[in-house]
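Here's the structure, in structure tokens; my notes come after.
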Amino acid sequence: MTKQKNKQKNIVPPEGITELLLHACCAPCSSAIVEWLLLHDIRPTIYYYNPNIYPLEEYEIRKTESKRHAEALGLRWIDDDYNHNEWLEAIKGMENEPERGSRCLCCFKLRLVATAVKAKSLGIKHFATTLASSRWKSLAQIEEAGLWAQNSVPGTEFWAQNWRKDGLQERRNQLLREYDFYNQLYCGCEFSMSALQKNEMTSAEYCCSEK
């Protein structure tokens, strides 16, 4: 596997960081980020917490791919509980919100506060998320959710980074092919699946399309 050595222009790590709890939404979105971190002497622990994913079979496929990727690199990988009903309760009343609306912000907050709690329990100060690698997610929402999680869990610090910079988007697509990752066509929940089926968005507009 040929590694991409990126010039450090737009990706600027927190001062003194050597380890990171990285919330991973899936293996394809994690791959280039993890590679960049390791090349810059930051060791990530991969935290897989995605109760939004539906159905369970889809969740298991994405989980297996994330674990396979971490194990291939000798990284610690943590799977948290899958409770889709709890997630549905959290976003109740927002089911008909459009993609990138209030439901997505609520979803990000739920997942990132869990990440902050896990980081603190592990003694890892900094946490980040691969959600910020997608061109079709709102970076403003992700940053808002991450800072909210940081403020909710004292002693943690959210690394608000646009992971689309410095060639990582292109590298992600290369690694997707090199690892032969499963490449999903919708963000995860039944509502994003429904939006795709209703042709409100095309498959190219979802997080793991190469286009």
field: Above-threshold pairs, the threshold being 19 Å between Cα atoms, out of Lys9/Lys118; Lys109/Lys137; Lys9/Lys165
entry: Lys9/Lys118
message: To check my understanding: the extent here is largest minus smallest coordinate of the Cα atoms along each principal axis. What are those three numbers for region 81-135, in Å, largest first?
response: 38, 28, 15
statement: A 1.4 Å probe over the protein heavy atoms gives region 121-205 a carbon and sulfur accessible-area percentage of 49
query: Which whole-Hz couplings ³J(HN,Hα) result when phi for each residue of region 49-62 is put into the Karplus expression 6.51 cos²θ - 1.76 cosθ + 1.60, θ = phi - 60°, listed in order with x for Gly and Pro?
result: 9, 9, x, 6, 5, 9, x, 4, 4, 5, 4, 5, 5, 5
query: Using a simple charge model, +1 on the beta-carbon of Lys and Arg, -1 on the beta-carbon of Asp and Glu, nothing else, what dipole does the chain show about its Cα centre, in debye to the nearest 20?
result: 680
field: Rounded accessible area of Leu196 (nearest 10 Å², 1.4 Å probe)
entry: 40
statement: Taking only C-alpha positions in region 104-152, Rg and Dmax in angstrom work out to 10.4, 32
field: Per-selection Rg to Rh, the chain - Cα, Kirkwood hydrodynamic radius
entry: 0.93
- prompt: Roughly how much of Phe158 is accessible, in Å² to the nearest 10, using a 1.4 Å probe?
  reply: 20
query: Per residue, how much accessible area does region 11-58 have with a 1.4 Å probe, in Å²?
result: 31
task: Evaluate the charge dipole of region 111-198 about its Cα centre and quote only its size in Debye, nearest 20, assuming +1 on the Cβ of each Lys and Arg and -1 on the Cβ of each Asp and Glu.
output: 0
- prompt: Any idea of the accessible area per residue across region 81-193, 1.4 Å probe, to the nearest Å²?
  reply: 44
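The values are calculated or read from the model by the stated rules, or taken from the named source; none is laboratory data. Bear in mind that the values here come from a model prediction, so they are computed numbers and not experimental data. A quick note on method: Cβ atoms are made from the backbone with ideal geometry, for glycine too, and the neighbour counts reach across all protein chains shown. These area figures cover heavy atoms from the full protein model, side chains too; ligands, DNA and RNA do not enter into them. Shrake-Rupley method; radii C 1.70, N 1.55, O 1.52, S 1.80 Å.
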